[in-house]
Amino acid sequence: MYIKFGQGIGLQGTVLPPQFTRHLSQLFDNAPAISREEVMAALNQSFPGKKIDDLFIEFSIDPVASASIAQVHKAILKSHPNEYVAVKIQKPSIKKQMEFDLLIFRLWCRLMEYKFEFPIMWTVPYTEKHFRMETNFYQEARNSELAMNVIQTDRSLKDEAYVPKVFWDYTTKSILVTEWIDGLSLVDPEKIKKMGWNLTHIMETMVKVFAQQLFVSGHLHGDPHPGNIIVRQNPNSSKKKAQMVLLDHGLYINESETFRKQYCMLFKSIFLQDTKTVREVSNEWGIKDSGFFSSFILFRPPDSHIRRAKRLAKSMELDSNGKKVEQTEYDRQMNAKGLAIKFFSDSSKLPPELIFVMRNMNMVRSNNKALGSPVNRIKIMAEYAAIGASIDNNLNYNTNVVYKLVNEHKMASSGSNLTEPTSTSLIKHTPLDVPLIQRISSFLISYTTVLHFRFSLFLIDLVFYYTKICNTMVGWITMSKSKPVTKNFEVVIDQAIIASLEDRLGYKIDPDIFNS
């Protein structure tokens, strides 16, 4: 977990000095490795009675990459002599180390909740469960195959994104063998730029892949840091075109159908300014301040509720005689604490999926930000949220390929013999069962809603392209050898949120608060 913490710091490339990020980014794929003896012991344990020469024609003892849980070796299998494979070997001490780290994590969360009265223990059981699942490489293999199958259901993604195939005959609980992919890691965007690939296309594919997982399949990658994304020449194209390859499928969550639908409706309703739906979902999750919560969902500044908060704050700064009272730093901190506690008014109602959903969204946002925000992340995600909101997997189980894939994966993962899920939705009606006037009214409402949604996305696009044009003009004007300091779209959003928070809390806050 300490390596994962270092990886999180390494993502802050836009705010930390280069020497910090250059050193800490090595933790993505260059963490401390285990010895040659430990590698051989791991192979002997997983394949008893077999020597390394019985399995491989070629095997690199020195790892090509090493992360928090495992390290990767390049090899050629005897059964597949014409291709390289990636052999992922789990570090032998990881299970004991993880239990100790999770104990520290649990105690730290309990201390934080006790000391600051801030609800945080609700995150612990779900987090521990999924970190433990990450050490089961059978589960990772199933996750990777499902991720690829889901990508294949989207026509805009099936040739643009890829997941390495699994060699099941050589995969155990602690060793995973997959197809070897040559490419460039997103950790070093400068090398990718030098290859001449279209950064906009790469980031658009990345955002789409994770938006599809989040809003459509509900099978979400929990660790999409730059080290887990590589870019290669697209084998399906004769032109210079990139393909995104997604690695490391150990940390995934399976969203409940209820949460997936709620999150889609919440995301979509924010754009439609449907405060009723936003409030309903927020209340179901035990969150009282629905407006402020919506800003964190989109990573964008709140709207009218901030103005109401400012008026309230100003009224609280006056004494009984109408004179202004200067708040102390302690008063401001207590106000901030009160707002945070009020925000999570009932943590028992919070869906545990939010932990990894927000983690995923923040990492995707950081990846886009690190490359200069070449795409409008929010717009792409909103489009997939609209698609996800239109799917009822209870009614459409027989026709929804994605949901059937995910459901089969859940049954395989749990060893369950459950069959097709029972519908809990309303009874289906044919169009002829509904009166003509009601059908016309429904059509007009639906058409108006679509127009409203599209107009909201159009406005976001205007802001995005305005920011992009300004950045380009700044680059032209400076024309200096040193890289000009520009504000990409994600930076503008960050600054707007920070300004809104400062208005609400009444004091300056750390400008790096939203960096992964």
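Taken together, the values in this text are just the output of simple stated rules run on the coordinates, not laboratory data. Note that the coordinates shown come from a computational prediction; the quantities given were computed from them, not determined experimentally. Cβ sites come from the backbone with ideal geometry, for glycine too, and all protein chains shown count toward neighbours.
Please go through the residue pairs LYS95/LYS261; LYS158/LYS268; LYS194/LYS268; LYS88/LYS191; LYS95/LYS379; LYS165/LYS193 and name each one whose alpha carbons sit more than 29 Å apart in this structure.
LYS95/LYS261; LYS194/LYS268; LYS95/LYS379
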Q.
Could you check the spin-label model distance between PHE455 and ASN44? Points 7 Å from the Cα along Cα→Cβ, value in nm.
A. 7.3 nm
Q | Cβ-defined net charge surrounding ILE355, 13 Å radius [Lys, Arg +1; Asp, Glu -1] | A | -2
Q: Report the normalised scattering of the stretch 156-224 as log10 I(q)/I(0) at q = 0.11, 0.15, 0.21, 0.23 Å⁻¹, calculated by the Debye formula with identical scatterers on the alpha carbons.
A: -0.38, -0.69, -1.11, -1.17
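Within the set of other residues whose C-beta is less than 13 Å from the C-beta of TYR384, count the net charge using Lys and Arg as +1 and Asp and Glu as -1. Can you show the working numbers first?
On the way: positive: LYS208, ARG260, LYS268, ARG377, LYS379; negative: ASP154, GLU204, GLU383.
That works out to +2.
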Q.
Using a 7 Å offset from Cα along Cα-Cβ at ARG232, what residues in the stretch 60-100 end up with backbone N under 11 Å from the label point?
A. 84-86
Q | For ALA65, distant residues with modelled amide H under 5 Å away | A | VAL72
Q: Name the long-range amide H neighbours of ASN234: under 5 Å, sequence gap of 5 or more, or other chain; modelled H, no Pro or chain starts.
A: LYS241, ALA242, GLN243
Q. Rounded to the nearest 0.05, what FRET efficiency do LEU111 and LYS288 have when you use their Cβ-Cβ distance and R0 = 22 Å?
A. 0.30
Q | Hz values of 3J(HN,Hα) by residue in the stretch 366-381 - Karplus curve (6.51, -1.76, 1.60), Gly and Pro given as x | A | 5, 4, 5, 5, 5, 9, x, 6, x, 10, 8, 4, 4, 5, 4, 5
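Using per-residue counts of other Cβ atoms within 10 Å, averaged over each peptide, order 95-107, 171-183 from highest down. Walk me through the numbers before you get to the answer.
Details: 95-107: 13.5, 171-183: 18.3.
Ranking, from highest mean packing down: 171-183, 95-107.
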Q) Taking K and R as +1 and D and E as -1, what net charge do the other residues with C-beta under 10 Å from the C-beta of ASP274 add up to? A) +2
Q) In nanometres, what is the gap between the two model label sites at ILE477 and ILE387, each 7 Å from Cα along Cα-to-Cβ? A) 3.9 nm
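Determine, for each peptide in 227-235, 192-200, 249-257, the mean count of other beta carbons within 10 angstrom over its residues, then list the peptides with the highest first.
Numbers: 227-235: 19.8, 192-200: 13.9, 249-257: 22.0.
So the peptides 227-235, 192-200, 249-257, ranked by packing, come out 249-257, 227-235, 192-200.
State the extension gain, in nm to one decimal, for the chain segment bounded by ASP188 and LEU462, taking 0.36 nm per residue of separation less the distance between their alpha-carbons.
Difference between extended and current length: 95.7 nm.
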